[in-house]
Amino acid sequence: MDFSIAELLFRISAPAGVSDLIAPDEYEKFLVVSGNARPDASYEAVIADTVIPCGAPVTPSFWDNGLWRTCVTGDQYLDIDIFDIGIKGWRRAARMSPDFSNGKLWVSASASAPNRIRPLYHPQDRAIIIGRLCHLGGVMMHASSVAHDGKVMLFSGMSGAGKTTIARLWRQYGGTILNDERNMIHLRPEGARAGASPWHGEENKIDPTTGPLSAIFFLKQASVNHLRLMPLTESLGRMMTTAFIPVFIPEGPALTLDTCAAILQVVPAYELSFTPDTRALDLCLSV
């Protein structure tokens, strides 16, 4: 099973005897037929008894929120465990290499059907994708994204900032909403590229298109429309507050900070104070 997110190719291989890997519904638009293309990450699905017995020795957790945790093994691999309410205990979900380029996805034997398994599920999938993205010069942002005239614009802010509102205004203006909640930026030699993640917001629709990132707009609702170019230090602070920082891996925050700084060196960032009408979009196009 191959899927491409933000132009990164992920490949999952099936264990012996399994002919069908089932993708979660939100991944359907990202599935690709890549042939012999070299993947950016390659994982192996493994059917096993994933329950971690009570009292079994466990590597001290690096990060734990009570629902899932990560543990660094002696060879620096990263284990991802999920707390199963049904058994009131932990299950092993994945083991990743230090840079998330390869690893194993453990699938519970009790949850597997003959010849068919589902190797990806929440929250293990997001951890893996964001973990690999941050090691390849990428970041996922709390933002809506719109494709217009061959380029992508990101409109970033926390909940209630107006991300979905301004995305819908762009639709009226002829733009294409890629995702109204979570989007990926991937810094490549030719510049920054942006595209949707599989996880949407209120719009309940996703377009897997990617394209060159022309600008990042940090949203501020106001009574008048105003656009202000932000200096690097200010825009970096705002970007870090809306980035999904992989705090569950030791190097995650530092890699994300470096990536955001590098992106802002090549992509302009603005504070967009706006009212909910299309006049704010004219300001975006003016730059």
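Scanning segment 208-248 for residues that are among the aliphatic types (A, V, I, L, M) and touching a Cys at 6+ places or on another chain (Cβ under 8 Å) yields Ala215, Leu227, Leu236, Met239, Met240, Ala243. Here segment 14-28 is the region considered, the condition is being of a type outside the set (Val, Ile, Thr) and exposed (fewer than 14 other Cβ atoms within 10 Å of the Cβ), and the residue that is modelled with the lowest pLDDT is Ser19. If only residues of segment 254-287 that are more than 22 Å from Gly174 (Cβ to Cβ) and β-branched (Val, Ile, Thr) are counted, the one that is surrounded by the fewest Cβ atoms within 10 Å (Cβ to Cβ) is Val266.
Looking only at residues of segment 222-234 that are in contact with a Lys or Arg (Cβ under 9 Å, 6 or more places away or on another chain) and closer than 16 Å to Gly162 by Cβ, we find that the one that is surrounded by the fewest Cβ atoms within 10 Å (Cβ to Cβ) is His226.
Every residue, every condition in (1) part of a loop (DSSP other than H, G, I, E, B); (2) within 16 Å of Thr165 (Cβ to Cβ), yes or no:
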position: Phe217; (1), (2): no, yes
position: Lys220; (1), (2): no, yes
position: Leu236; (1), (2): no, no
position: Thr241; (1), (2): no, no
position: Ile245; (1), (2): yes, no
position: Thr259; (1), (2): no, no
position: Leu264; (1), (2): no, no
position: Tyr270; (1), (2): no, no
position: Leu285; (1), (2): no, no
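When Glu181, Glu190 are checked against the criterion of being touching a residue at least 24 places away in the same chain (Cβ under 8 Å) and either more than 17 Å from Leu264 (Cβ to Cβ) or out of contact with any Asp or Glu (no Cβ under 8 Å at 6 or more places or on another chain) (or both), Glu181 stands alone in meeting it. Exactly one residue out of Gly157, Gly195 is at pLDDT below 95, crowded, with 20+ Cβ neighbours inside 10 Å and within 17 Å of the chain's Cα centre (by Cα), and it is Gly157.
To keep it simple, each residue is scored yes or no on (1) of a type in the set (A, V, I, L, M); (2) within 25 Å of Ile82 (Cβ to Cβ).
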residue	(1), (2)
Ile130	yes, yes
Val139	yes, yes
Val152	yes, no
Trp170	no, no
Thr176	no, no
Asn183	no, no
Gln221	no, no
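Arg38 meets the stated requirement of being loosely packed, with under 15 Cβ neighbours inside 10 Å and either part of a strand (DSSP E or B) or basic (Lys, Arg) (or both).
Restricting attention to segment 1-41, the residues that are within 16 Å of Ile117 (Cα to Cα) and over 18 Å from the mean Cα position of the chain (by Cα) add up to 11. Looking only at segment 15-34, residues that are touching a residue at least 24 places away in the same chain (Cβ under 8 Å) and farther than 20 Å from Arg91 by Cβ come to 12 in all. So which residues in segment 100-125 are at pLDDT 95 or above and among the basic types (Lys, Arg), if there are any at all? Within segment 100-125, Lys104 is the sole residue that qualifies. Look at segment 35-62: where a residue is modelled with pLDDT under 85 and a partner is in a strand (DSSP E or B) and surrounded by fewer than 16 Cβ atoms within 10 Å (Cβ to Cβ), sitting 6+ places away or on another chain with Cβ atoms under 7 Å, you get Cys54/Gly89.
The values are calculated or read from the model by the stated rules, or taken from the named source; none is laboratory data. Remember, predicted model here, so these are calculated numbers, not experimental data. Ideal geometry is used to build each Cβ from the backbone, glycine not excepted, and the neighbour counts take in all protein chains shown.
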